[in-house]
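In what follows, a single structure is set out as structure tokens and then discussed.
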Amino acid sequence: MKINEVTSIILEESIYIHRTVGPGLFESVYEELLAYRLIKRGLQIERQKAVPVIFEEVKMDIGFRADLIVENKVLVEIKSVEALAPVASMQTFTYLRFTGINIGLLINFNVEILKDGVKRIANGYVEGS
């Protein structure tokens, strides 16, 4: 499955969840619901995957936890905040660098219309991958 197909399914399911339960819930609830829906669609996911940070050849075992990694191709960072801080996109980009994944979706469910809460972030992505 290509990256664009994976991201399309993630976005379809995110919109479905947002329309069904609405904004205002904890991030962990949206993560659980999205994981459930993606598995139901037959996608392979990893939740709260510990990702090490390597700095100057020193490996720190738990640098951060990726909310969702889907099909080993797309990193999903889930938020439920009034407004995304500008650093949220940069944080997701950093996560992409450390995982070696090319595409990330930063999804803030605490918005009126979900498309206003979605950012696609690329790290060396080549169209058609």
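The values are calculated or read from the model by the stated rules, or taken from the named source; none is laboratory data. Every value quoted in this text rests on a predicted model; they were computed, and no experiment measured them. So basically every Cβ, Gly included, is an ideal-geometry build from the backbone, and we count neighbours across all protein chains shown.
Figures for the structure shown
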| quantity | calculated |
| --- | --- |
| Residues being more than 18 Å from Val111 (Cβ to Cβ) and either in contact (Cβ under 8 Å) with a residue 12 or more places away in the chain or part of a loop (DSSP other than H, G, I, E, B) (or both) - total across the range 19-39 | 3 |
| The range 22-35, residues that are surrounded by 13 or more Cβ atoms within 10 Å (Cβ to Cβ) and aromatic (Phe, Trp, Tyr) | Tyr30 |
| Residue among Glu12, Glu31, Glu46 that is of a type in the set (D, E, K, R) and over 12 Å from the mean Cα position of the chain (by Cα) | Glu12 |
| Lone unmet requirement of (1) closer than 19 Å to Gly22 by Cα; (2) touching a helix residue (DSSP H, G or I) at 6+ places or on another chain (Cβ under 8 Å) for Ile113 | (2) |
| Qualifying residue in the range 93-106 (condition: modelled with pLDDT of 90 or more, closer than 18 Å to Glu12 by Cβ and among the hydroxyl-bearing types (Ser, Thr, Tyr)) | no |
